[in-house]
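The values are calculated or read from the model by the stated rules, or taken from the named source; none is laboratory data. On a predicted model such as this, the values are computed, not experimentally measured, just so you know. Positions of Cβ are generated from backbone atoms using ideal geometry, with glycine treated the same way; all protein chains shown enter the neighbour counts.
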Amino acid sequence: MKQAVREAFISKILLLTALSSIGALTLITVFIFAEGLPVIFKTGFFDFIFGMKWKPSRGIFSIFPMIAGSFAVMAGAMLVSVPFALCCSIYLAEFAGRTTRAIVKPAIELLAGIPSVVYGFIGVTVLVPFIKNNIGGNGFSVLGCSIVLGIMVLPTITSISYDALRAVPDSYREGALALGATRWQAVKMAVVPAAGSGIIAAVILGMGRAIGETMAVIMIAGNSLIIPLSPLDPVRTLTSNIALEMGYASGMHRQALFATGVILFVIIMALNILATRVIKRAVR
C-alpha cells in the first residue's frame with residue numbers, strides 16, 4: 001500500500017514537472033505573439049515579410065533582407081558541416097574501433113559545449129582577417145559566418161546521424177556482405193539508405209540550430225541590411241537584429257522586434273516539426 005502511494009505521488013510530481021515545462025513554453029509563445037502580431041497586422045503581412053527597408057526611426061519595418069541573410073548563413077553552414085558530419089558519423093559507426101570511437105566521439109560532442117562567444121571571438125581574430133587578406137571583401141561576411149556556424153552545428157548532425165546509423169539492424173550489413181559487397185559498398189548501398197530518414201532529421205535539426213544562433217553571428221556576419229548576392233557580402237540575420245536593437249527599442253520599434261521573433265519562432269518550429277515527422281517515419 002505504501003509503495004503504491006509513493007509511486008502515485010512520484011507520478012504526480014513528474015506530471016507537474018512536465019506540465020510546468022509546457023506551461024512555460026505556452027506563456028513565452030503567447031507573450032511573443034501578443035507583442036509582435038499588432039505590428040505585422042498594422043504593416044501588412046506581405047509588406048512586413050517581403051519589404052526591403054528597415055527604418056525604425058521612420059516607422060518602416062520590413063525584414064526580407066534579414067530573412068534572406070538568415071537563410072544564406074544557414075545554407076552556407078549546411079554546406080560546410082553536412083559533408084564532414086556525415087563522413088565522421090559513418091566512420092565512427094561503421095569503421096572506427098572501440099578505442100578510437102571512445103576518444104573521437106566525446107571530442108566531437110565537446111564542441112557543442114563551447115560557448116558561442118568563443119567561436120565568435122576565434123572567427124573575428126582568425127577567420128575574418130584570413131578572408132580579408134586572401135579571398136576578398138572586408139572579412140565580415142556570409143562565408144566567415146557559415147564556416148563558424150558549420151563548426152558549431154557539426155556535433156548535432158554527427159551525433160544524430162551516428163545514432164541513426166547504429167540503429168540499422170546488422171542483418172542489412174550481413175546481407176550486403178553475403179551478396180559479395182565490400183564493407184564500404186555495404187555501408188553505401190545498404191546502411192546509409194536505411195538510415196536516410198534519421199540523417200535527414202539530423203540535418204534539419206542542424207538547420208534550426210544554425211538559423212537560431214545569435215552571438216557568433218553578430219560578431220562575424222557584418223550586420224548590413226542588404227540581401228547577400230555573394231559569399232563575401234555582409235549580412236544581418238533575424239536573431240542578430242533582435243539582439244542588436246532590443247536594448248534601446250521602444251514603442252512600435254520594440255513591437256517590431258517581437259514581430260521579428262514571431263517569424264523566427266515560426267521558422268524554427270516548422271523545422272522542428274519537420275524533423276520530428278521525419279524521425280517518426282524512420283521509426284515506422
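Overview of results
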quantity	calculated
Check on GLY175, surrounded by fewer than 18 Cβ atoms within 10 Å (Cβ to Cβ), closer than 21 Å to ARG277 by Cβ and not polar (S, T, N, Q)	no
Qualifying residue in segment 85-95 (condition: at pLDDT below 90, exposed (fewer than 12 other Cβ atoms within 10 Å of the Cβ) and part of a helix (DSSP H, G or I))	no
Count of segment 178-188 residues which are loosely packed, with under 14 Cβ neighbours inside 10 Å and either free of Cβ contacts under 8 Å to residues at least 40 places away in the same chain or over 13 Å from PHE95 (Cα atoms) (or both)	6
Condition met for LEU225 (in contact (Cβ under 8 Å) with a residue 12 or more places away in the chain and in a helix (DSSP H, G or I))	no
Scan of segment 129-142 for residues that are assigned to a helix (DSSP H, G or I) and either buried (at least 24 other Cβ atoms within 10 Å of the Cβ) or aromatic (Phe, Trp, Tyr) (or both), ordered by number	PHE130, VAL142
